[in-house]
1. Relative contact order of the chain, please, whole-number percent, based on alpha carbon pairs below 8 angstrom and at least 6 residues apart.
2. Top mean-square fluctuation among L233, L55, L135, Gaussian network model of the chain, C-alpha springs under 10 Å?
3. Which is farthest toward the positive dipole end of segment 2-250 among F15, M122, I157, measuring Cα position about the Cα centre, with Cβ charges +1 (Lys, Arg) and -1 (Asp, Glu)?
4. Which residue, L87, L209, L197, has the most motion in a Gaussian network model of the chain that connects Cα atoms within less than 10 Å?
5. Which whole-Hz couplings ³J(HN,Hα) result when phi for each residue of segment 123-140 is put into the Karplus expression 6.51 cos²θ - 1.76 cosθ + 1.60, θ = phi - 60°, listed in order with x for Gly and Pro?
6. If each residue of separation counts as 0.36 nm, what is the full-extension length gain between E239 and S69 once their alpha-carbon separation is subtracted?
7. Collect residues whose amide H, placed 1.01 Å from N in the peptide plane, falls under 5 Å from the amide H of L47; neighbours closer than 5 in sequence don't count.
8. Run down the lysines and flag those whose C-alpha is under 22 Å from the C-alpha of K65, throwing out any fewer than 8 positions away in its chain.
Amino acid sequence: MKRYEQERNFLKSNFNEFKNIKTDKMKGIPQPEKVKSYDINSKIINLPDVDKDVLKRKDIYDCIKDRRSTRFYNDESISLDELSYLLWATQGITGTNKSGMTYRTVPCSGATHSFETYLFIMNVDTLEKGIYRYLPIEHKLLFISAMKDVDERIDAITLEQPFVPNFARKAAVTFAWSTTPYRSEWKFDITAHKKILIDVGHICQNLYLAGESVDIGVCALGIYDQEAVDNILQLDGEEEFIIYLAAAGKKRIK
């Protein structure tokens, strides 16, 4: 049991230790950028406005009851309206307070929002196969690069799935959430990292429930090649790195 001790302690609250720490915020160090910047000359794709009409199931009770991890997808594409809705449901901005703090569709400790949403697009109407990043403030997509073999690249970074091998490559899109830990560390110091893991769980659960409401199946991916996915997305692996993935696609009837 000794080998579990450090990890178990990580799961516990360390608030008493945190009370005696002067955070970077308290020291007057400027807050890090709230969202990742990008070249203004980049290719930007406008997303449709999110509308209730996209919903196929409007009863939240049924969506919660029927939620399952779905690893079997058909060949039907996801519409841009549906993708827009899923992005809004997971990281969409619903308001801003006087200090510029954003309110989103998911809770986040101290509104630090350390996450960026990357997308491996394989089968979405009107979108080229490749890698994209969601811009939550603008509610738009940033095109990063085309990738005709995106399904093979996904397969390479998500091998050794225990239940259904190679299922992610058959999805329409794979969400990849990165974290920039200092956005949370600036405010919460040593308590930031547990909060980050809790917060990314909120994001993925919203994806599950939003997916269920439009008949899109979702399956979270906790097994992946860290170095490979960070390299594909050109992340340094230290200041920003992938922390969670989830595949999504139209459900296949077994």
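Values quoted throughout were computed directly from the atomic coordinates according to the rules given, and no laboratory measurement underlies them. Keep in mind that this is a model prediction, so the values were computed, not measured. Positions of Cβ are backbone-derived with ideal geometry, glycine not excepted, and every protein chain shown enters the neighbour counts.
1. Numbers: 447 pairs, mean separation 67.6, N = 254.
This gives 27 percent for the chain.
2. Maximum among the listed residues: L55.
3. Of F15, M122, I157, it is F15.
4. L197
5. Using θ = phi - 60°, the values come out as 8, 10, 3, 6, 9, 5, 4, x, 10, 9, 10, 7, 10, x, 5, 8, 6, 9 Hz.
6. Between E239 and S69, full extension yields an extra 58.2 nm.
7. Residues meeting the amide H criterion: L141.
8. Filter leaves K52, K56, K250, K251, K254.
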